[in-house]
Structure formats: C-alpha cells, structure tokens
Amino acid sequence: MSDQYGDERPGPYQGVYGSSGQQPPPQQPPYGGQPGPNPYSYAPDLTAPPKQVRIAAAISLGLGALCVLLGLFALTSAGAEIANVLTGDPDAKGLVVGVILVTSLAYILPAIFLRKRRRWARTLLIVVAALGIGGGITALPASLLGLALHGTLLYLMLQEPTKRWFQGPR
C-alpha cells in the first residue's frame with residue numbers, strides 16, 4: 001500500500017520485510033565475535049558412518065573373529081571331531097579349515113571396508129546375511145542366535161541412513 005507521499009508501508013497481512021524487497025539485517029554475533037555455525041542446528045556429518053554401519057561392522061567383525069577361532073580349533077587335535085560334526089566325515093579336516101577361512105574372510109572384509117564407504121562391502125554383507133538367514137532357517141531351533149545376528153545385519157544394511165550414506169561421495 002502506498003500513502004499519499006508514495007511511501008510503501010506493510011499492509012495488514014505483510015510482515016516488516018514484506019513485498020518491498022528489503023532483506024532483514026544480518027545477525028551480529030554478541031560482543032563483536034565472528035559469526036559461526038549455529039550450535040543448536042542439526043547438520044548430520046556426512047563423512048562419518050551412521051550408527052547402523054558401525055553396528056553392522058562390529059557384528060560382522062565379531063562373527064569373523066569367531067570363524068577364525070573355530071578355524072584355529074579345527075587345526076588342533078579337536079579338528080577331526082569338528083569336521084565330523086560339520087560334514088559327517090572326520091577326515092575332511094582340510095575342507096573344513098578351508099571353508100572356515102573363506103567364511104571368516106566373508107565376514108571380516110566387509111567389516112573393514114564398510115566404514116570406508118565401499119559399496120561392494122555393503123552388497124557382500126547383504127549377501128552373507130541372506131545366506132546366514134537361509135542357513136539359520138534350515139538349522140532351527142539350534143540356530144536362533146545366528147539367525148538373529150544375520151537378520152540384524154540385513155536389517156541394518158537396508159535401512160535408509162545406510163543407503164543414503166553409501167550413495168554419498170567417497
């Protein structure tokens with residue numbers, strides 16, 4: 001609205017900085033300091049992995065460490081009994097150690113490279129978790145803990161913060 005002198009004043013539904021094109025004055029920090037980021041605003045740190053990735057990496061590393069420990073036990077005198085339980089053949093000690101080595105790598109490699117934002121590590125962990133769930137279902141009820149851990153890994157890798165973090169810059 002213009003008055004008789006051509007001055008524009010805000011109408012009843014316009015704010016102080018209404019349609020006149022004026023900008024609000026910049027906020028000055030107290031005591032003449034430099035303006036900085038608002039400490040109360042939330043800006044996620046896109047370089048740090050989300051908690052879902054950190055938890056999944058810890059679970060995967062723990063499962064890999066357990067596989068390494070089982071592999072070390074298989075190299076001792078208990079190796080024949082471990083091979084007999086897993087395959088039904090006490091002479092399959094070498095096969096069991098080899099499979100345990102591959103399995104431990106399938107857990108440890110993604111655990112290391114997840115935090116480095118490698119997409120292949122996320123994909124590998126999703127596949128390993130799906131295989132673990134499949135194996136856990138076939139071994140019920142003895143495999144409830146393994147089924148829960150692999151289900152948790154799959155759930156963490158498919159959550160939205162994890163997806164967004166892996167889509168970001170490397």
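The values are calculated or read from the model by the stated rules, or taken from the named source; none is laboratory data. Because the structure is a prediction, the values reported are computed rather than measured. In this analysis, Cβ positions are derived from the backbone assuming ideal geometry, glycine residues included, and neighbour counts consider all displayed protein chains. The protein model used for the area step is the full one, side chains on, heavy atoms only, and it has no ligands, DNA or RNA in it. Shrake-Rupley method; radii C 1.70, N 1.55, O 1.52, S 1.80 Å.
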Residue selected from segment 68-96 under the condition of a type in the set (D, E, K, R) and in a helix (DSSP H, G or I), by the criterion nearest to M157 (Cα to Cα): K93
Members of segment 143-160 that are under 16 Å from Q52 (Cα atoms) and free of Cβ contacts under 8 Å to residues at least 12 places away in the same chain: A148, Y155, E160
Can you tell me which residue within segment 109-122, out of those that are aliphatic (A, V, I, L, M) and open to solvent by less than 40 Å² (accessible area, probe 1.4 Å), is nearest to P169 (Cα to Cα)? L114
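Within segment 97-125, how many residues are farther than 15 Å from G64 by Cα and assigned to a helix (DSSP H, G or I)?
Let us first name the residues in segment 97-125 that are farther than 15 Å from G64 by Cα, namely 115-120, 122-123.
From the residues that got through so far, the ones that are assigned to a helix (DSSP H, G or I) too are 119-120, 122-123.
Total meeting the criteria: 4.
Yes or no, residue by residue, for (1) open to solvent by 80 Å² or more (accessible area, probe 1.4 Å); (2) free of Cβ contacts under 8 Å to residues at least 40 places away in the same chain; (3) in contact with a strand residue (DSSP E or B) (Cβ under 7 Å, 6 or more places away or on another chain); (4) not hydroxyl-bearing (S, T, Y):
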residue: E81; (1), (2), (3), (4): yes, yes, no, yes
residue: T87; (1), (2), (3), (4): no, yes, no, no
residue: P90; (1), (2), (3), (4): no, yes, no, yes
residue: L101; (1), (2), (3), (4): yes, yes, no, yes
residue: L124; (1), (2), (3), (4): no, yes, no, yes
residue: L131; (1), (2), (3), (4): yes, yes, no, yes
residue: P141; (1), (2), (3), (4): yes, yes, no, yes
residue: W165; (1), (2), (3), (4): no, no, no, yes
